[in-house]
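Okay, structure first, notes after.
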């Protein structure tokens, strides 16, 4: 049985882009969110081999350290022609300096090495797994996915990560060109387009319904 989220919630991330999106998504539900960085919580090593495992690891670590329910996301870009890489290593491809321009160039170089220039050869998808952990060990998990095509050169300076090279199916703007409402806004302001928004809609239905 799903457990409702009430009161304060720790957002278990030190990524400013993810933090902003998560706060946007939680705001309408009346949940007070505090970040792991604001609480000076350490970042656990992401040793999982799947998005779900890493999301669980981060949420459970923050819940234990804070004594509050904790909300974590693990997400990334999976490129069909690169055998689903970078996948769970999406952030690591950007290096310690979080240089996602370099990470995007690495993806593009891999596609070019495989002679993938046509749109149908450049298919990819974003995946997000959201985990909510409570200090008593209870855990909830939700997954979202959005499919698209990779473009080059990157377009737009909004969003973060690989957003400027990701063109979601059915749209003319990359995630890097979209406003926050266009990318991850929930109905009625937005379409719940992004992978994180799609996972969050499932979470909200299960754990935040009483807060609407």
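Axis of helix 51-66 versus longest Cα principal axis of the chain: the two differ by about 30°, to the nearest ten degrees. Among 97, 149, 49, which one moves the most in a GNM of the chain with springs linking Cα atoms closer than 10 Å? Between 97, 149, 49, it is 97 that shows the largest mean-square fluctuation. Against the main long axis of the alpha-carbon atoms of the chain, helix 100-113 sits at an angle near 40°.
Counted residue by residue at 0.36 nm each, then reduced by the alpha carbon distance between them, the extension gain from residue 206 to residue 139 reaches 22.9 nm.
Taking the helices alone, the chain has a mean residue ellipticity at 222 nm of -9000 deg cm²/dmol, built from -39,500 (n - 2.57) per DSSP H run of at least 4 residues and averaged over all its residues. Across the range 1-78, Cα-Cα pairs farther apart than 22 Å form 19% of the total. Taken over the range 8-211, the percentage of Cα pairs per 10 Å bin, counting from 0 up to the bin with the maximum distance, is 9, 36, 35, 16, 3, 0. Legend: calculated FRET efficiency, residue 39 to residue 147, from the Cβ-Cβ distance at R0 = 41 Å, rounded to 0.05, equals 0.70. Of interest is the spacing of the C-alpha centroids, which for the range 19-98 and the range 129-180 amounts to 13 Å. Counted over the range 8-211, the DSSP beta bridges are approximately 80% antiparallel.
Give the angle, between 0 and 90 degrees and rounded to the nearest 10, that separates the Cα long axis of helix 16-27 from the longest principal axis of the Cα atoms of the chain. With both axes taken from Cα atoms, the answer is about 50 degrees. Counting every alpha-carbon pair across the range 144-212, the share separated by more than 16 Å comes to 47%.
We did not get these values from a lab; they are worked out from the coordinates using the rules stated. Since the structure is predicted, the reported quantities are computational estimates derived from the model, not experimental observations. Quick reminder, even Gly has a Cβ in these numbers, built from the backbone with ideal geometry, and neighbours come from all protein chains shown.
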